[in-house]
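The block underneath contains the structure these notes are about, expressed in structure tokens.
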Amino acid sequence: MKKIDHIGIAVKKLSVSIPLFEKLLNTPCYKTEPVDSEQTNTAFFKSGDSKIELLEAYSPESVINKFIEKKGEGMHHIAFEVDDIRKEMKRLEKEGFRLINIEPKPGADNKLVCFLHPKDTNGILIELVMERK
Ligand code: ZN
């Protein structure tokens, strides 16, 4: 894994949290984008080499909605950038980590992504991201 690509934060309303994070980070939100595979709207901020991704549910079935119902707003996942997502998925599976999606799927920001089961990673949801070529 190369570096932390972004940290995902679950929020109730982007309309509230975008201005909040613009103030906090002192930088404008540079992109908002729906991710239909997760039924979420996302908003991105740069923080040096890494990014902050805010996630808002747009349907009751969204995983973000379920997360907020259970745990409230807050840190949702850490995403690591990888060169070859399939190779990294294979390596992690061999090490005994469970993959939530067994095939890489389209994520925000033109990336292919895969999530690891948080029960295997000290309760932290881990996302692998690879630039789509
Ligand atoms: Zn993410």
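The values are calculated or read from the model by the stated rules, or taken from the named source; none is laboratory data. Every value quoted in this text rests on a predicted model; they were computed, and no experiment measured them. FYI the Cβ positions are ideal-geometry reconstructions off the backbone, even for glycines, and counts take in every protein chain you see. Surface accessibility is based on the protein's heavy atoms, side chains included, excluding ligands, DNA and RNA. Shrake-Rupley method; radii C 1.70, N 1.55, O 1.52, S 1.80 Å.
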Debye equation applied to the C-alpha atoms of the range 1-78, log10 I(q)/I(0) at 0.11, 0.12, 0.14 Å⁻¹:
-0.26, -0.31, -0.42
Report relative contact order for the range 17-133 in percent, whole number only (criteria: Cα-Cα under 8 Å, sequence separation at least 6).
19
Hey, rough spin-label estimate for residue 30 and residue 94, points 7 angstrom out along Cα→Cβ, what's it come to in nanometres?
3.5
The chain: antiparallel DSSP beta bridges as a percent of all, rounded to 5
75
With eigenvalues of the C-alpha gyration tensor scaled by 5 and rooted, the chain, Å:
24, 17, 13
For the range 75-131, what proportion of DSSP beta bridges, expressed in % and rounded to the nearest 5, is antiparallel?
65
How long is the gain from residue 7 to residue 47 if the chain were fully straight, where each residue apart is worth 0.36 nm and the alpha carbon distance is subtracted?
13.4 nm
1.4 Å probe accessible area per residue over the chain, in Å²:
58
Once you've got the Cα coordinates, tell me which of 2/51; 87/133; 46/87 are over 20 Å apart.
46/87
